[in-house]
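The values are calculated or read from the model by the stated rules, or taken from the named source; none is laboratory data. All values reported here derive from a predicted model rather than from experimental measurement. As a convention, Cβ positions derive from the backbone with ideal geometry for all residues, glycine included, and neighbour counts pool all protein chains shown.
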């Protein structure tokens, strides 16, 4: 039987979290769809969820229903009415979780590579959400919708490491605000092909959809969303380098796109580094089982009380094996 996602808040608190939202558009966005605009303004809710709310008439612009493709215009007033949380469609599954921290408000898990965050076409089961529904017995926030209970942010399927999960709506709203306000410190480790031009540095290329390959992102001058990544070298390896990266913004595929932009794509990333990876395999004999990108550390304020939390996720076995196989230069 599907398990119901329930809030652990008392009803008055829940009503405060889920009360209708009114936004006034401050500037016109002739190139941005309304669903994308809302996703940027309220990052705790997915773009797909806003599309469904628009279809259901739960979002009005100046009191009228509009399409997802509507472009926000300065002065417009957008009102959002949140529907009641419905039973989750995902089934709980007893999938082991590597829990780094847990209390009544949240948990942080070290996601293994290969685990999809939430159910989607082609991945209806065996996801992190399925595991969370079992582990938390349904005590997850409902803001993310029935497909993404508790999910505050995401990692790619083949990216391992720290993922924060909210157990109630109040915690979800507070954590989402931190991610949106860029106050969460996000540190990654990556093994990259070759070496960056300098041992440490900053990459600031704006990211947009690739002009011809629609499933990819790219650094595109003159358009796109501002993105900033800083990096430092941890170890030089054979024809490759171990980097620590700090993600200052949260664009789609940001680290992978930025590393490709400076000529050092992630080892194992066949989307953004097919040719460099082919050369690395020829030179070293090592073939990565996945993109060697790991969300190593998160630093944020606890949603209750604000105390500083710093969580570190140990590297997974395949990442450690890669470092051993590629070796460390003397």
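Hey, among the residues in segment 172-208 that are part of a strand (DSSP E or B) and under 17 Å from the mean Cα position of the chain (by Cα), which one's surrounded by the most Cβ atoms within 10 Å (Cβ to Cβ)? It comes out as 190. The residues listed here are 129, 116, 108; of these, the one that is touching a residue at least 24 places away in the same chain (Cβ under 8 Å) and part of a helix (DSSP H, G or I) is 129.
Residues of segment 220-229 that are modelled with pLDDT of 95 or more and in a strand (DSSP E or B): 229 alone.
Is one or more of the residues making up segment 132-141 assigned to a loop (DSSP other than H, G, I, E, B), without any contact (Cβ under 8 Å) to a residue 12 or more places away in the chain and surrounded by fewer than 20 Cβ atoms within 10 Å (Cβ to Cβ)? No, every residue in segment 132-141 fails to be assigned to a loop (DSSP other than H, G, I, E, B), without any contact (Cβ under 8 Å) to a residue 12 or more places away in the chain and surrounded by fewer than 20 Cβ atoms within 10 Å (Cβ to Cβ).
Here residue 31 passes the criteria (1) under 25 Å from the mean Cα position of the chain (by Cα); (2) without any contact (Cβ under 8 Å) to a residue 40 or more places away in the chain; (3) exposed (fewer than 12 other Cβ atoms within 10 Å of the Cβ) except the one numbered (2).
Of everything in segment 265-298 that's surrounded by 20 or more Cβ atoms within 10 Å (Cβ to Cβ) and out of contact with any helix residue (DSSP H, G or I) (no Cβ under 8 Å at 6 or more places or on another chain), which residue is farthest from residue 314 (Cα to Cα)? Selected residue: 276. Within segment 49-75, the set of residues being over 25 Å from the mean Cα position of the chain (by Cα), surrounded by 13 or more Cβ atoms within 10 Å (Cβ to Cβ) and not in a loop (DSSP other than H, G, I, E, B) comprises 60, 61, 65.
In this entry, residue 242 is excluded by the filter for residues that are at pLDDT 95 or above, surrounded by 17 or more Cβ atoms within 10 Å (Cβ to Cβ), closer than 16 Å to residue 162 by Cβ and in the same structural domain as residue 198 (by TED's automatic domain parsing). Residues that are in the same structural domain as residue 195 (by TED's automatic domain parsing), within 22 Å of the chain's Cα centre (by Cα) and over 22 Å from residue 98 (Cβ atoms) do not occur anywhere in segment 290-299.
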